[in-house]
Amino acid sequence: MATIVIMPKQGLMMEEGTITSWLKKEGEAVTAGEPLFEMETDKLTITMDAEASGTLLKILHPEGDVVPITQPIAVLGEPGEDVSALVGGDAAPAQAAAPAEAAPAPAAEAPAAPAVERAPGERVFSSPRARLRAEENGVDIAAVPGSGPDGLVIERDVNAYMANKPAVTPLAANIAKAQGVDLSGVTGTGSNGKIKVFDLPGGSPAAAPAAQESPAAVQQSRGTHTEKMSGMRKAISRNMLASKETNAQTNHRIKVDMTAAIALRKQYKDLGIKISYNDIIVRACAKALADMPIVNASVEGDSILYHDYVNVGTAVSVPGGLIVPVIKDADIIGLSGIAARSAELIEKAREGRLTDADYHSGTFTVSSLGMFDLDNFVAIINPPESAILAVGKIAKTPVVVTDEEGEDAIVIKSMCALCLSYDHRIIDGAEAAKFLQKVKNYLQNPVLLI
């Protein structure tokens, strides 16, 4: 009996996933528990194992497809089993994988899409996924015949249309349309034969002999390219836009003398205990959050949601985006506990083992960019949290100090700039200033953190 493979839900907030790689081909045998495909969520890239054994009869969504959770993506079953009823009647029974020495059967030509009859300027009704698919592949949606109700163009129609049309980048498609170029006679040099701008007549940088190439010609050969946002980048985009749209965000700044914190870190190091500056700052924030619950709270409709726990996220830059693993109960596990938990999260991140639980339930975030030589910066609040602390570099700075006799002197101190971005809907300016003052006091008197 055939088994439907669905897009799994990996986390409470997940709504869709991107199939990045199929690890089995149609017709190949699959054993329960072995890797079947790789998927990308808004935070992670995960290898998913097969939950049943059988033959991979049909892949319903190829690599690159974005699929809502619980939607079918493939069918497993017995070799030769008819699964057309499960996949809409367009799937032929898959055979077992042929031996390596067997010659591959020639691919059957895809049937030509029927011509579409539409009056000039006539409105084209299409589904959102069909429009997205067409836009990504440079397809004129008005040229696609619709098979949905009342001629609605659906994603399947766009896929069928593309099967009989050369793949082309959106930019090349727009230029070809404007110049009246017939793409059926153009050979693409992109991946899988995709037509790029330089493949259009007169658009190739190789059209002129290299010996006669001038700086102007080189300049004209440069163009643009389009890359789809990863799931992580789309999540960052949504969250940051939502933050700016919903929060009454403003910020306060303060400078902190880190001399005592540096000495504390050295004491731990001499004892063989590894503590980072970020660990010390997270601990100071956790203490201040416990002192001031309003900064640890969230807005929920017309109510203020107070959290009994203090979970501090630490923003970490990774290739292609940003992740915010969360140190749970940072107010009660102590400085050494924070250091241990932080080291564990860093190791899991390097090995790609972070789970959905490592990202959620944060109540406050610390974002440190001092390692990039930034003096200071402003961070955007990470919803549904109400505040985030931006930490600049620790730098030796001339500072004026006054002794007990009232005499001023210039001394060199290790200073660090902090910027608190906060939601003014629930945190008043005086409360934000008081919070920063508490963080400063803890950092300049780190014995209070132990």
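The values are calculated or read from the model by the stated rules, or taken from the named source; none is laboratory data. Just so it is clear, the model here is predicted, and its values are computed rather than measured. Here the Cβ positions follow ideal geometry from the backbone for every residue, glycine too, while neighbour counts run over all protein chains shown. Note: accessible area is taken over every heavy atom of the protein model, side chains too, but ligands, DNA and RNA are not part of it. Shrake-Rupley method; radii C 1.70, N 1.55, O 1.52, S 1.80 Å.
One table, with the values for the structure above:
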quantity: Backbone HN-Hα couplings from phi across the stretch 290-306 [Karplus 6.51/-1.76/1.60, Hz, Gly and Pro as x]; calculated: 5, 6, 10, x, 5, 6, 8, 8, 9, 8, 10, x, 9, 10, 9, 9, 8
quantity: Taking N as its residue count, the alpha carbon Rg of the stretch 329-450 over 2.2 N^0.38 Å; calculated: 1.28
quantity: Pairwise FRET efficiency - ASP302 versus GLU26, Cβ, R0 = 30 Å, nearest 0.05; calculated: 0.05
quantity: Rounded to the nearest 10 Å², the accessible area of LYS228 at probe 1.4 Å; calculated: 120
quantity: Heavy atoms of PHE198 accessible to a 1.4 Å probe, total area in Å² rounded to 10; calculated: 60
quantity: Flagged links, alpha-carbon separation over 21 Å, of LYS266/LYS396; LYS328/LYS434; LYS287/LYS413; calculated: LYS328/LYS434; LYS287/LYS413
quantity: Accessible-area ranking of MET371, MET229, MET415, largest first, probe 1.4 Å; calculated: MET371, MET229, MET415
quantity: Computed FRET value (nearest 0.05) for ASP182 with LYS328, which takes r as the C-beta separation and R₀ as 60 Å; calculated: 0.50
quantity: HIS225 versus GLU63: modelled label distance in nm, points set 7 Å from Cα along the beta carbon direction; calculated: 1.6
quantity: Length added when fully stretched, LEU448-ASP428, from 0.36 nm per residue minus Cα-Cα; calculated: 4.6 nm
quantity: SER53 versus GLU78: modelled label distance in nm, points set 7 Å from Cα along the beta carbon direction; calculated: 1.5
